[in-house]
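Here is the structure we will look at.
The values are calculated or read from the model by the stated rules, or taken from the named source; none is laboratory data. All figures in this text were calculated on a predicted structure; none of them were measured in a lab. Cβ placement follows ideal geometry from the backbone for every residue including glycine, while neighbour counts extend to all protein chains displayed. Side chains included, ligands, DNA and RNA excluded: accessible areas come from the protein's heavy atoms. Shrake-Rupley method; radii C 1.70, N 1.55, O 1.52, S 1.80 Å.
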Amino acid sequence: MEKSSPTVFIVDDDPSARIGLERLVKATGLDAVSFDNAEAFLLEDLCDRHGCLVLDCKMPGMTGPELQQELLGRNCPIPIIFISAFGDVSTTASTMKLGAVDFLTKPVDQSDLITAIDSALEKDSERLKLSSEIDGMEILLDSLTKREYQVMTYVITGLLNKQIAWELGITEDTIKIHRHRVMKKLQIVSVAELVRFCLKAGIQPVEIKDPQL
């Protein structure tokens, strides 16, 4: 994913509030893009951009919480800061449970909003960093042959080479060769590091019911 400067997206149907928020964000040196409704934001398909979303809770058409649900359904993890003049405990709790960074009451305290934006952008930076790491890991994993990948899923179970050889019906020397190639291609030097690599990549060890000794 290409690196880009962060953008604060603002969705609020109140023109004065929208303009005020945009000016505040730009005064901090950040880019800001505003929309007067949730549907307009969705049309832009901005999920891959580095940034966060300052989102009004109650709007005509799609509400803020409904937009949050829609973004989750689209696997769009942009951090959201809710703002509302009508905040209630249940709405605040439900949006926070779904991952909102903060829920601020209008009129929004400027320092609280900037603090929330900083937190949201830091969260998004971590997301992008992890996404970049996963992309790099997938490139390395694609270099493995089917047999090497299979052997890897046995190695991370903690089985010895001779046990893996018995499970796969091949020689122990062949297992050693595949194991060496896996470590070299993935640029890994220890089984512990390989286990951590696979855990981060979402690779599960093969299930062994009764390993032979």
Quiz prompt | Cleavage-rule hits (GluC sites (Glu not before Pro)) in the stretch 1-85: DSSP loop, at most 10 neighbouring Cβ within 10 angstrom | solution = E2
Quiz item: Once you list every other residue whose beta carbon is under 9 Å from the beta carbon of D56, what net charge do they have if Lys and Arg are +1 and Asp and Glu are -1?
Solution: 0
Quiz item: Which pairs, out of K123/K146; K97/K129; K129/K176; K26/K97; K123/K184, put more than 25 Å between their alpha-carbon atoms?
Solution: K123/K146; K129/K176; K26/K97; K123/K184
Exercise. Express the accessible area of the stretch 127-213 per residue in Å², computed with a 1.4 Å probe while the remaining protein chains stay in the model.
Key: 64 Å²
Exercise. Report the percentage of all Cα-Cα pairs in the stretch 27-140 whose separation exceeds 20 Å, rounded to a whole percent.
Key: 43 percent
Exercise. Any chance you could look up the accessible area of I139 with a 1.4 Å probe, heavy atoms only, rounded to 10 Å²?
Key: 120 Å²
Quiz item: Expressed as a whole percentage, what fraction of the accessible surface of the chain belongs to carbon and sulfur atoms when a 1.4 Å probe is rolled over the protein heavy atoms?
Solution: 53 percent
Quiz item: What does the charge count near H178 come to, summing +1 for each Lys or Arg and -1 for each Asp or Glu among other residues with Cβ under 12 Å from its Cβ?
Solution: +4
Quiz item: What does the helix-only formula give at 222 nm for the chain: each DSSP H stretch with n ≥ 4 adding -39500 (n - 2.57), the total divided by the residues, and the result rounded to the nearest 500 deg cm²/dmol?
Solution: -17000 deg cm²/dmol
Quiz item: Taking 0.36 nm per intervening residue step and subtracting the Cα-Cα distance, what contour gain separates E172 from D142 on full extension?
Solution: 8.4 nm
Quiz item: Based on the Cβ-Cβ distance from L72 to K185, what FRET efficiency comes out when R0 is 35 Å, to the nearest 0.05?
Solution: 0.50
Quiz prompt | Kirkwood hydrodynamic radius of the chain, from inverse mean 1/r over distinct Cα pairs, in Å | solution = 20.3 Å
Exercise. Choose one answer from S90, S132, S119: the residue with the largest mean-square fluctuation in a GNM of the chain with alpha-carbon springs under 10 Å.
Key: S90
Quiz item: aspartates and glutamates within cross-link reach of K162: Cα-Cα under 13 Å, excluding same-chain residues under 8 positions apart?
Solution: E172, D173
Quiz item: Roughly how much of E122 is accessible, in Å² to the nearest 10, using a 1.4 Å probe?
Solution: 120 Å²
